[in-house]
Amino acid sequence: MPDVFGGLGIIALVAVLLARSQPPLWQRMILYAMVVFSGMSSTANVLTLVPIALFCLLIRRVWLELGVPIRLLITTVTLTAVTLALPIAWNFAKFGKPSLNVASGALLFSKLVDAGLAQRYLAEKCSISPHPICEHLNKLVSVPSSQSFLWDGSPPLASQLNAWRDPDNSFKELAYDILRTYPVEALKLALNDTFHLFTALTLDFNDELKPYGNGEPGNSVRDKIEQYHRVGINAFDSARQQNGALEQFYPSILYAITTLGSYVGLVFVSAISLLRRNRERSATAIIFLFSTLIGVAIHGGLVGPFARYHVKLSWLASFAITLWVLQTASSRASRT
């Protein structure tokens, strides 16, 4: 899965935008490539990286008082443009749609189905404004975070109605209409899912990293791969997740303890740096804390509280603490 590139892209972006002096060109090119690839691997990464970039520039200008050179501003704008343009261009070439994420309508509609908002809206509107989904209204199941619209059935409703590609944007427009009709309920849903995702501190939440061997016949993850991507079935069967190696190597309870500890530690080192008026160290700690929070909000709010979206970002806290320790040790060594 591409989730690991989310955190790596954030680290690269912070390194580019907070550097007191420019690193060598070859290092900058590697960092640029990491940011762009992170954005290409997941649409949510793009939506996460943009506010982080703005926050980094704000911290650099206001808190660190380093200013924002025109070259750095051009670099930021260029990285943003390239990171947005590449997936849009790919989707246009592949599907004929200049879209950041062709499946965004299906994903958002599925979230609204799980919350029951879509069913409520369709019950009122189908007689006035027919939509292909109206014929299947009785099949829409309201179960939080189940994504039944996307995955249940053979084929699932999303595949039957071509919602994944959504060539006429009907599902995207339908999802937006539902949001406009129930803005308060939609906001509560996003906040609840964000909070749920942030407090999901175990790897076995939703069985994300457990073996995917069980499920209804024809509807398990393995069955789906065998049906739609047969060439990948051998790799799936031999994966560490399937043979239980991940759970043996890093038990869920250990992950929960270290993750919670790293968040508490990150708040602690941020406070220590602020009290000591060390702006550089407090800036990096605060930015990584902000990055985790904004990333969880975007993933949880737009898609759902699926544990892998937290796992992809939670390790940034440990990284930030390690960075703070190394900076502190280096500072003490230079004084002696």
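The values are calculated or read from the model by the stated rules, or taken from the named source; none is laboratory data. Note that the coordinates shown come from a computational prediction; the quantities given were computed from them, not determined experimentally. Counting neighbours? That spans all protein chains shown, and the Cβs are built from the backbone with ideal geometry, glycine included. The area values use the complete protein model at the heavy-atom level, side chains included, leaving out ligands, DNA and RNA. Shrake-Rupley method; radii C 1.70, N 1.55, O 1.52, S 1.80 Å.
Below are the figures for this structure:
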item: Accessible-area ranking of 277, 120, 222, largest first, probe 1.4 Å; result: 277, 120, 222
item: Solvent exposure of the chain as accessible area per residue, Å², 1.4 Å probe; result: 53 Å²
item: Calculated FRET efficiency for the pair residue 77/residue 29, C-beta based, R₀ 25 Å, to 0.05; result: 0.90
item: Solitary cysteines of the chain, where the nearest other Cys Cβ is not under 4.7 Å; result: 56
item: Local electrostatic count, residue 41, Cβ distance below 12 Å [Lys/Arg +1, Asp/Glu -1]; result: 0
item: Local electrostatic count at residue 189 - Lys and Arg +1, Asp and Glu -1, tallied over other residues with Cβ under 12 Å; result: -1
item: The stretch 14-23 - phi-based ³J(HN,Hα) in whole Hz, Karplus 6.51/-1.76/1.60, Gly and Pro as x; result: 4, 5, 5, 8, 9, 4, 5, 9, 5, x
item: Hull volume in cubic angstrom per residue (convex hull over the Cα atoms of the stretch 1-81); result: 78 Å³
item: Within a Gaussian network of the chain (alpha carbon springs, distance under 10 Å), most fluctuating of 155, 98, 24; result: 24
item: Over 21 Å between alpha carbons, listed pairs 94/172; 111/188; 94/224; result: 94/224
item: Centre separation in Å (Cα based) which lies between the stretch 306-321 and the stretch 239-305; result: 4 Å
item: Two-site label geometry, residue 90 and residue 267: point separation in nm, points 7 Å out along Cα→Cβ; result: 3.8 nm
item: Square roots of five times the Cα gyration tensor eigenvalues for the chain, Å; result: 38, 24, 20
item: Carbon/sulfur fraction of accessible area - the stretch 64-165, other protein chains in place, 1.4 Å, %; result: 62 percent
item: For the chain, calculated [θ]222 nm from helices alone, where every DSSP H run of n ≥ 4 adds -39500 (n - 2.57); result: -22000 deg cm²/dmol
item: Directionally averaged projected area (convex hull, Cα atoms, the stretch 87-201), nm²; result: 8.1 nm²
